[in-house]
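The values are calculated or read from the model by the stated rules, or taken from the named source; none is laboratory data. As the structure is a computational prediction, the values presented were derived from the model and not from experiment. Here the Cβ positions follow ideal geometry from the backbone for every residue, glycine too, while neighbour counts run over all protein chains shown. Accessible surface areas use protein heavy atoms only, side chains included; no ligands, DNA or RNA. Shrake-Rupley method; radii C 1.70, N 1.55, O 1.52, S 1.80 Å.
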Amino acid sequence: MPAYRKTAQVDMTHGSVLGRAALFALPICAGNILQLLYSTVDTLVIGNFCDTTALASVATSSQPLEILLCVFVGIGSGISILVSQAVGRADHDQLQKLVRTSVWLLFAASLPLTVIGFLLGPWMLRLMQVPADAFDYAVLYLRITALGTLGNLGYNMNAGILRGLGDSRSTLLLLLISCLTNIVLDVAFVAVLGMGVAGAALATTIALYLSWLTSILYARRNYEGLQFPLLPHGYDKAQLAAILKVGVPLGLNNSLYSVGHVAVQAVYNMQGSVFVAGCSIAGRVTGIAGIAITSFSSAAVVFAGQNLGAGNYRRLQRGVVQITCAAGVVTLLIGLVATVFCRPLLGLFSSDPAVLDAAVRYTWWVLPFIWTYAVFNCMMSFVNGTGAVKYTTVVNLLILWAVRIPAAYILHALGYGTSSMACVSLSYAVGLVAMLGYFLTPEWGKLRRKAKKLGDAVTAETEPTL
């Protein structure tokens, strides 16, 4: 048994498809609950100890930084895919090279992104048409969180590597540390010391750095064979090229998607701070359904990568059906229950009737249809896990730039801006149809033929000899 293989790893290449997927997904699900708990407490603290403009500023100010970081986050997803494929092939040498190259890439990207975010953030917020009464708060929040870029990217990259190894328990541990730190510091800085938006941003930044450093200690202790470094020690050219080949399309996809979110957010911003605040707290309720979506999608990526690397094409076909259907059913049930009880849940965040009305409207437009997002996102994760990222990039751009953004601006132009969130559900439905189309492409046809060939070989081996 190699030095880096520990009991925390989940081998997706054997056993029950749903059983293995659930074993991997449950820690991620628990971690998502922790994240939701943190974001809920964050909103509760800001909503109860600050004013509505502060709540609106926090809701909008993270998006410009997200645009800058999401290219690297996409590259981190590419690293996770390559790690899972290497695990399936049991290629220990490639794993070491991938880790070393990833750390080099982290430091090469973090400093420039920090400077760009700090300097260009205010300009991007103006472009988003952030309400004037929330603008100064938004700039302050963005600049403080920009200083946490290294911790943010480092944590996400290391978490992706660990997930690629099949170790999802580690993400639960890291999120537990991050969320508890965030909650304690939120209460201390905002509720006790009265630091307002600056306190919330500082709490987030500190928690990210702590999570990043903890992830390095965890990897060094549990995966000694990977030789996980804290500082960069060179890179492998072949692995860097492989990372960029898979990661750059995912990163550009994420970046263009985030730019699109900014365009939609601009429509929300046109409705005023009360509407933006309502959408913000509604996101806490819709995030309940997101727990299952993220968990199943993470399992789908690793399942696809490991089984592709191991050449288990028949199992790959079974997995895409079973895991995707499970994601859709679970998310549908969660979405319906959360929709029915949305008003009392939303009332925990604000007592402002206008804010609550906007939040309820958002919830009713989005949550009942979020199961379609679960299904198409899970399919997309499977396809990404096989390394075929071009198709998913096109689908993401289609649903955002050809559906969601035009629909939002059309609704606003027609005088229905306060119902512009309907564009989200419409884009989910189009995304589902588009991803079903992948299974008619030549790329999936090749995998299907390989699965059939493998099945015929197994049948020939088991047939009795006359």
TODO: Being within 30 Å of Gln317 (Cβ to Cβ) and among the β-branched types (Val, Ile, Thr) is the filter; apply it to the stretch 395-453 and report the residue that is surrounded by the most Cβ atoms within 10 Å (Cβ to Cβ).
DONE: Ile399
Open item on the list: Quick check on Ala358: is it open to solvent by less than 30 Å² (accessible area, probe 1.4 Å), more than 21 Å from the chain's Cα centre (by Cα) and not β-branched (Val, Ile, Thr)?
Closed with: yes
TODO: Considering each residue of the stretch 147-173, count those that are open to solvent by less than 10 Å² (accessible area, probe 1.4 Å), modelled with pLDDT of 80 or more and over 20 Å from Gln227 (Cβ atoms), and give that number.
DONE: 4
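Every residue, every condition in (1) in contact with a Ser or Thr (Cβ under 8 Å, 6 or more places away or on another chain); (2) in a helix (DSSP H, G or I); (3) not acidic (Asp, Glu), yes or no:
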residue: Gly225; (1), (2), (3): no, yes, yes
residue: Tyr235; (1), (2), (3): yes, no, yes
residue: Ile243; (1), (2), (3): yes, yes, yes
residue: Leu256; (1), (2), (3): no, yes, yes
residue: Ala266; (1), (2), (3): no, yes, yes
residue: Val274; (1), (2), (3): yes, yes, yes
residue: Ser280; (1), (2), (3): yes, yes, yes
Task: Number of positions in the stretch 174-188 that are surrounded by fewer than 17 Cβ atoms within 10 Å (Cβ to Cβ) and either under 19 Å from the mean Cα position of the chain (by Cα) or among the hydroxyl-bearing types (Ser, Thr, Tyr) (or both) - done: 1
Task: the stretch 194-223, subset farther than 10 Å from Asn152 by Cα and touching a Cys at 6+ places or on another chain (Cβ under 9 Å), residue surrounded by the most Cβ atoms within 10 Å (Cβ to Cβ) - done: Ala200
TODO: Answer with yes or no whether Tyr373 is out of contact with any Asp or Glu (no Cβ under 7 Å at 6 or more places or on another chain), at pLDDT 90 or above, open to solvent by 10 Å² or more (accessible area, probe 1.4 Å) and more than 21 Å from Ala327 (Cβ to Cβ).
DONE: no
Open item on the list: For the condition open to solvent by 10 Å² or more (accessible area, probe 1.4 Å), closer than 17 Å to Val383 by Cβ and in contact with a Gly (Cβ under 8 Å, 6 or more places away or on another chain), what is the one hit in Gly305, Gly309?
Closed with: Gly309
Open item on the list: Show me the helices (runs of 4 or more DSSP H) entirely contained within the stretch 338-409 in which 3 or more residues are within 26 Å of Gly445 (Cβ to Cβ) and hydrophobic (A, V, I, L, M, F, W, C).
Closed with: 370-385, 389-397
TODO: Run down Ile46, Ile33, Ile28 and say which single residue is at pLDDT 75 or above and surrounded by 23 or more Cβ atoms within 10 Å (Cβ to Cβ).
DONE: Ile28
Task: Residues (under 30 Å from Thr13 (Cβ atoms) and among the hydroxyl-bearing types (Ser, Thr, Tyr)) located in the stretch 146-183 - done: Tyr155, Ser168, Ser170, Thr171
- [ ] Return the residue satisfying two criteria in turn: it lies in the stretch 325-355 and is of a type in the set (Ser, Thr, Tyr) and open to solvent by less than 10 Å² (accessible area, probe 1.4 Å), and of such residues it is modelled with the lowest pLDDT.
- [x] Thr339
Task: Only one of Val264, Val259 that is open to solvent by less than 10 Å² (accessible area, probe 1.4 Å) and not basic (Lys, Arg) - done: Val264
Task: Residue among Arg314, Arg361, Arg343 that alone is in contact with a Lys or Arg (Cβ under 9 Å, 6 or more places away or on another chain), of a type outside the set (Val, Ile, Thr) and over 24 Å from Val259 (Cβ atoms) - done: Arg314
- [ ] Those residues that are open to solvent by less than 10 Å² (accessible area, probe 1.4 Å), in contact (Cβ under 8 Å) with a residue 60 or more places away in the chain and not hydroxyl-bearing (Ser, Thr, Tyr), I need them from the stretch 77-120; list them, please.
- [x] Gly78, Ile79, Ile81, Val83, Ala86, Leu95, Leu98, Val99, Val103, Leu106
- [ ] Give me the pairs, please: first residue somewhere in the stretch 139-168 and within 18 Å of Leu213 (Cα to Cα), second residue anywhere and of a type outside the set (Asp, Glu) and not in a helix (DSSP H, G or I), beta-carbon distance under 6 Å, and either six or more positions apart or on two chains.
- [x] Asp167/Ala8; Asp167/Gln9
